[in-house]
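Remarks on the structure that follows.
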Amino acid sequence: MAYNTLEVTKDITKDGGVCTIKLNRPNALNALCAELTTELADALGKLEADDKIGCVILTGSDKAFAAGADITELKDGTFLGMYDHDVFGLYWEAVARFRKPIIAAVAGYALGGGCEIAMMCDFIIAADNAKFGQPEINLGVMPGAGGTQRLTKAVGKSKAMDMCLTGRMMKADEAHACGLVSRVVPLDELMETTMEAAKKIAGQSGPIAMMTKEAVNTSFETTLSQGIHFERRLFQAMFSTEDQKEGMAAFAEKRKPHFKNK
Ligand code: CAA
């Protein structure tokens with residue numbers, strides 16, 4: 001896969017495959033222009049269909065995961081133009097719609113749309129130099145790709161209001177303390193740590209990992225009793241898979257399971 005704004009690399013072993021997508025517009029701190037988000041949606045579509053890939057890592061550079069939507073593209077926007085070409089809904093949300101596990105490995109700035117894209121991933125591993133923020137208010141707008149919703153669900157009302165209304169940045173340790181990121185590691189360990197997690201996930205049963213992700217995400221969309229009902233039904237359904245038999249047999253036989261994604 002050759003893209004202008006992304007570097008896509010695959011690491012495939014017999015235990016499972018991981019694909020790393022690196023956002024690559026260094027001169028604009030990976031600002032999310034239409035070309036980049038179109039390419040990203042295209043890459044994710046292809047990865048979803050690639051049976052060899054069990055987990056994806058989305059990352060940027062040491063200086064910036066992404067500094068937000070490309071302001072040069074937005075500045076002369078009109079309501080009808082934005083409405084007709086709903087790029088956030090059509091392309092950006094491809095990250096949230098992606099069905100396989102996807103981890104954001106964030107170093108440097110994750111601002112505006114950069115923070116929103118990171119939050120669309122299943123979890124965030126941050127380098128100790130990461131800075132998160134929703135600074136759109138400084139531009140006379142507000143977050144438009146899920147920031148007011150996903151940030152609030154991740155960190156609660158008070159901090160989400162603080163971030164969206166003041167536009168301030170949050171450092172990695174604060175992001176970790178409030179639950180926005182799952183782990184913080186030194187910058188030079190970011191990719192190794194994230195790859196280790198991704199390989200662990202890619203080595204599991206693919207359909208079981210996807211259903212697990214679906215169940216966790218359902219908790220954001222439904223009541224507790226409906227969510228628990230959905231979880232239980234999925235859990236029961238897993239007993240129709242060969243991978244459930246293999247996983248439990250391997251435990252009983254004190255050996256490593258060999259999942260077949262069946
Ligand atoms: N869009 C377009 N270009 C951007 C950009 C963005 N979001 N962020 C940075 N750049 C460009 C700069 O214009 C600059 O380009 P030139 O060298 O050609 O002038 C280059 O990237 C480097 O940036 P800086 O010189 O500003 O670097 P810095 O280290 O001094 O500052 C920064 C870094 C604090 C991140 C600063 O660049 C900044 O504030 N960027 C904008 C952040 C922002 O407001 N993001 C929200 C965008 S709106 C949005 O995302 C809406 C939504 O909800 C989807």
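The values are calculated or read from the model by the stated rules, or taken from the named source; none is laboratory data. This one's a predicted model, so the numbers in the text were calculated from it and none came from an experiment. Every residue, glycine among them, receives a Cβ derived from its backbone with ideal geometry; neighbour counts consider all protein chains shown.
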Problem set entry | Hits in the stretch 179-216 (condition: buried (at least 17 other Cβ atoms within 10 Å of the Cβ) and in a loop (DSSP other than H, G, I, E, B)) | 180, 181, 203, 204, 205
For this session: Hey, can you tell me all the residues within the stretch 179-216 that are under 30 Å from residue 141 (Cβ atoms) and either without any contact (Cβ under 8 Å) to a residue 24 or more places away in the chain or of a type in the set (Val, Ile, Thr) (or both)?
Result: 181, 184
For this session: Those residues that are of a type outside the set (D, E, K, R) and in a loop (DSSP other than H, G, I, E, B), I need them from the stretch 1-49; list them, please.
Result: 1, 2, 3, 4, 5, 24, 29, 30, 31, 33, 49
Exercise. Only one residue in 140, 114, 147 is modelled with pLDDT of 95 or more, in contact with an Asp or Glu (Cβ under 9 Å, 6 or more places away or on another chain) and not aliphatic (A, V, I, L, M). Which one?
Worked result: 147
Seminar exercise, completed: The residue from 43, 64, 69 that alone is surrounded by fewer than 23 Cβ atoms within 10 Å (Cβ to Cβ) and small (Gly, Ala, Ser) is 43
Problem set entry | Test for residue 42: is it among the charged types (D, E, K, R) and within 13 Å of the ligand (Cβ to nearest atom) | no
Exercise. Going by the conditions given, is residue 256 exposed (fewer than 14 other Cβ atoms within 10 Å of the Cβ), within 21 Å of residue 12 (Cβ to Cβ) and touching a residue at least 12 places away in the same chain (Cβ under 8 Å)?
Worked result: no
Problem set entry | Neighbours by Cβ (under 9 Å, 6+ apart or cross-chain): first from the stretch 1-30, at pLDDT 95 or above and small (Gly, Ala, Ser); second surrounded by fewer than 15 Cβ atoms within 10 Å (Cβ to Cβ) and part of a strand (DSSP E or B) | 17/10
For this session: Quick one: which helices (runs of 4 or more DSSP H) lie wholly within the stretch 53-156 and hold at least 2 residues that are at negative phi, free of Cβ contacts under 8 Å to residues at least 60 places away in the same chain and away from the ligand (no atom under 13 Å from the Cβ)?
Result: 79-84, 94-97, 147-155
Exercise. Out of the stretch 223-245, which residues are surrounded by 13 or more Cβ atoms within 10 Å (Cβ to Cβ) and either of a type in the set (Val, Ile, Thr) or in contact with a Phe, Trp or Tyr (Cβ under 6 Å, 6 or more places away or on another chain) (or both)?
Worked result: 228, 241, 243
Exercise. Name the residues in the stretch 52-79 that are touching a Lys or Arg at 6+ places or on another chain (Cβ under 9 Å) and among the charged types (D, E, K, R), would you?
Worked result: 52, 70
For this session: Considering each residue of the stretch 170-189, count those that are among the hydrophobic types (A, V, I, L, M, F, W, C) and farther than 15 Å from residue 118 by Cα, and give that number.
Result: 4
